[in-house]
Every structure is written in structure tokens, then in C-alpha cells.
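What follows is a single structure, written as C-alpha cells, with notes after it.
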Amino acid sequence: MSTFVGIGLGPIQTGIFLAGAAKGGFDRIVIAEVNDKLKAAVNAVHSVTVNIAADDRVYSETYQNVEVYNPNDPEDVKKLIAAAAEASELATALPSVKFYAYCAPWLREGFAQQPERVRFFYTAENNNHAAEELEKAMGVSFLNTYYLNTVIGKMSGVAPASADRPGLAPDAENGHLVEEFNTIYISKCPGIENRKVQNLYVKDDLFPFEDAKLYGHNATHYLLATLGKARGCSTMDEVRAFPALIEIARQAFFNESGSALIKKYAHLNDELFTPAGFKAYVDGLLVRMTNPFLKDAIDRITRDPERKLSWDDRAIGTMRLILSQGIEPVNFAMGAKVAATEWAAGEDVKAKLASLWPSPWTPEHDKLISLMDL
């Protein structure tokens, strides 16, 4: 019997790994989830329904053979340990890598029951070294267990269940809405060609694609959401009413971060890091970002400005990448200024940013401030 184990039952888990496991033909799909109401709702039908936003409609898919157990319940932990022992593929989809400390003990106990089993363990947290962090949290090495990083360029969210957008299960209060896009990159390991989870694509070196995701996709998403918010938009599809904003995002994405990424990674000979390949990436993403059937909330995208305006993240980190390749990030600087000014809420913007950025102050700091015209 083939077993897949997922940790966390959010839309990344259901829309990518659970869906991929179901389509890959796993006999059992076991999910660790601390929400008892959600656990009961799914276990009542042993299936999960996910809403999928295409470019012209929303449709639903239901995945069978799903079991949910609460790792905080002693009896459920026994079942999770047994499932971990049998699992050949697993995936974490948690809010942060800090939660690895809570799942590592029962995973470790399960793996120890079958220490020689070949396992592929995908990590979906927003951390470029999530796989390494999980392996460290496990504390014990298992010869044939491989921890893999991912690059997830798939937009998704949670929304109340409704007549036309069902919940995860009939008794669930909320549903998941994920975009139809299904190309998820994963890192390489021995035997990975034998994986069963569908829609995972192996890259020999994942870091360039992580850069493209953070400093291309995420950066432009944040820029466009910031500019749309300033125009009174509440969801990303409303930004389509402002073609000038779409064009600013396009110029920033292709001419600034795109040019920098192509220059930095041209040696890879990967299609993405060519002008034609990156243009297709830009054109496709700008349509996807503003999909009217996804209704991506701008407040969600622009939340946590302290992180997004920090030194290495999607606003300032993108500007730094672009500058490192001898290009001026004019449009990204404009967006960063709008975001930083709103966040400062009347306080000194430069001083607020200084509180986020590393010390001591350098000419690079001055250059960023100058570009933002602060």
C-alpha cells in the first residue's frame, strides 16, 4: 500500500501536494492537522474538495482516500507515526519552519520503524533552506530519506464556503481557492524520477528559480498590489482597470528584475533566463496575478511590510539584486517608496527603514534611499 503524508491542511497542501498525491495514485493520503473541526469534517467523507481558478471560470476537484489526524491528540499521534513509517513521499506546508520542532518527534519515531525506506520529503515553507532546516530539526539521519526544497509559484487562499465554491468537505466552514497553474519546481536527489506526486519538476540547481520567484514573481506581485492599493483597489483583478499600472509592473518585471536575473544566470542555459523565456514568464504571470476568478486580496499581498521592506526581501532585496547587475530599479524604487511611506504612517520613512536594514550604514544604503527619493 502506498502512503503519502502531508503536514498542514492549508491551500498549498491541498492544491499542490494532496492533489498531486491523489493524481499520482497513492492508496492512502494522511494529513496532520491541529484543527479538530477541519479534521472531523474531512474524516466524515474521507475526501477533500478544492476550488480551482482557471482564466475563465472556477471549477472544483475532489480527492479521495484522505485521513486527517491531530498531532496534539495522543491516539492520533500513534496513527501519524505508523503513517510516517509507511510513507514514501511527504510534504510540509506550514506557516513557518519553526513548526518543524513540533512535527519532527513523531516523524523521527515513524522513520525509525523503517529506517531503510526511500522517502522524498518536500518542504513548502517560505524559506530557501527549508529542507535543510527540516533535516536539522529531525536530528537523526536516515540513509534513504531525502529532504527537498521547492519553488511554488502558485497563488492560493482560504475563503468561506458558498453555494458555488464548496468547502473542503460538506461540514467545513471554509474552502480553498487555488489557481490552475501547476508547475512546481523541486530540488534533485537520487531516485527522484520515481516519485508519484504529480506536477513536480526537478531542477539541478533550485536557487536561481528561487531568486526568480522572490525577486521576479513576488516582487512584481507586491509592487502591483501596492500601486493598486494606492488607487483604491481591494483585489488584484480590479487593477486591470488601470492599464498604466500593469505597464509599470511589466517594465519593472522584465526590464529591471528580469534583465538582472537573465544577466546573473545566463550561464545556466535554461530557457527561463533568456529574453524570450523571461518575457513569456512575465506575460503569463501578469495575467495570472490579476485573474478575476482568483480574487486575490490586496491586503493579503501587502501585509507584513516589515518583512517585505527588509534588506533581502521582495522590495529592497529586488532593488539590490538589480543594482548588483548594473541596472537601475526605477519602477521598483517607486513602488518601495509608496509601500514604505504608507507603512511609516507619518513618521520619518528613512529612519523607519534604517530600523529594518543592517548596520552599519553604507553607500548601498544611501543609493537605495536616493532611488526611492526619500
Checklist line | Along each principal axis, Cα extent of region 126-282, largest first, Å | finding: 54, 51, 26
Note to self: Using the crude model of +1 on Lys and Arg Cβ and -1 on Asp and Glu Cβ, and no other charge, please compute the dipole size for region 1-129 relative to its Cα centre, in debye to 20.
What the structure shows: 140
Notebook entry, point to check: Taking a 26 Å limit on the Cα-Cα distance, which of the listed pairs K37/K98; K264/K352; K79/K188; K98/K263; K37/K136; K37/K78 fall beyond it?
Noted result: K264/K352; K79/K188; K98/K263; K37/K136
Note to self: Quick check: residue separation of N269 and K37 times 0.36 nm, minus the Cα distance between them. What number comes out in nm?
What the structure shows: 78.6 nm
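Below 8 Å between Cα atoms, with a sequence gap of 6+, how large is the relative contact order for the chain in percent?
On the way: 686 pairs, mean separation 52.7, N = 374.
Value for the chain: 14 percent.
In region 52-177, what % of DSSP beta bridges are antiparallel (nearest 5)?
Numbers: 6 of 14 bridges.
Roughly 45 percent of the DSSP beta bridges within region 52-177 come out antiparallel.
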Notebook entry, point to check: From the residues A124, F17, P208, which one has its Cα farthest along the dipole of the chain in the positive direction, the dipole being from +1 and -1 charges on Cβ of Lys/Arg and Asp/Glu about the Cα centre?
Noted result: P208
Item checked: Rounded D (µm²/s) - region 191-313, Kirkwood Rh over Cα pairs, Stokes-Einstein at 20 °C, 1.002 mPa s -> 137
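Using packing as a proxy for protection, rank 40-47, 13-20 so that the peptide with the highest average count of other Cβ atoms within 10 Å comes first.
Numbers: 40-47: 16.9, 13-20: 26.1.
Answer by packing, highest mean first, reads 13-20, 40-47.
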Item checked: About the Cα centre, charge dipole magnitude for region 299-346 (Lys/Arg +1, Asp/Glu -1 at Cβ), debye -> 60
Check: Averaged per residue, what accessible surface does the chain expose to a 1.4 Å probe, in Å²?
Finding: 43
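Using 0.36 nm per residue of separation minus the Cα-Cα distance, give me the extension gain between S234 and D299 in nm, one decimal.
Separation in residues times 0.36 nm, less the Cα-Cα distance, equals 22.7 nm.
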Check: So in the chain, what percent of DSSP beta bridges are antiparallel if you round to the nearest 5?
Finding: 35
Notebook entry, point to check: Given 0.36 nm per residue, what is the gain on full extension from V58 to K279 after removing their alpha carbon distance, in nm?
Noted result: 76.9 nm
Item checked: For region 1-137: relative contact order, % (alpha-carbon pairs under 8 angstrom, 6 or more apart) -> 26
Next item on the list: Rank by packing, highest mean first: peptides 284-295, 199-210, 83-94, with packing defined as the count of other Cβ atoms within 10 Å averaged across residues.
Entry: 83-94, 284-295, 199-210
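Using a 1.4 Å probe over the heavy atoms of the protein chains, calculate the carbon and sulfur portion of the accessible area of region 1-119 as a whole percent.
Details: 2430 of 4750 Å².
Roughly 51 percent of what the probe reaches on region 1-119 is carbon or sulfur.
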Next item on the list: Considering only DSSP beta bridges where both residues belong to region 11-110, give the percentage that are antiparallel (nearest 5).
Entry: 65
Check: Where nothing but the Cβ of Lys and Arg (+1) and of Asp and Glu (-1) is charged, how large is the charge dipole of the chain around its Cα centre, in debye to the nearest 20?
Finding: 220
Checklist line | Charge dipole (the chain, unit charges on Cβ, about Cα centre) - positive-most of V48, N291, T220 | finding: T220
Margin query: Starting from the Kirkwood Rh over alpha-carbon pairs, what translational D in µm² s⁻¹ does the chain have by Stokes-Einstein at 20 °C and 1.002 mPa s?
Written below: 98
Item checked: Karplus-derived 3J(HN,Hα), 6.51/-1.76/1.60, for each residue of region 93-101, Hz, glycine and proline x -> 9, 10, x, 7, 5, 5, 6, 4, 4
Notebook entry, point to check: Share of region 227-309's accessible area from carbon and sulfur, percent, 1.4 Å?
Noted result: 57
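The values are calculated or read from the model by the stated rules, or taken from the named source; none is laboratory data. Predicted model, so just to flag it, every value in this text is computed and none were measured. Ideal geometry is used to build each Cβ from the backbone, glycine not excepted, and the neighbour counts take in all protein chains shown. Each accessible area value is taken on the protein alone, full model and side chains, heavy atoms only, with ligands, DNA and RNA left out. Shrake-Rupley method; radii C 1.70, N 1.55, O 1.52, S 1.80 Å.
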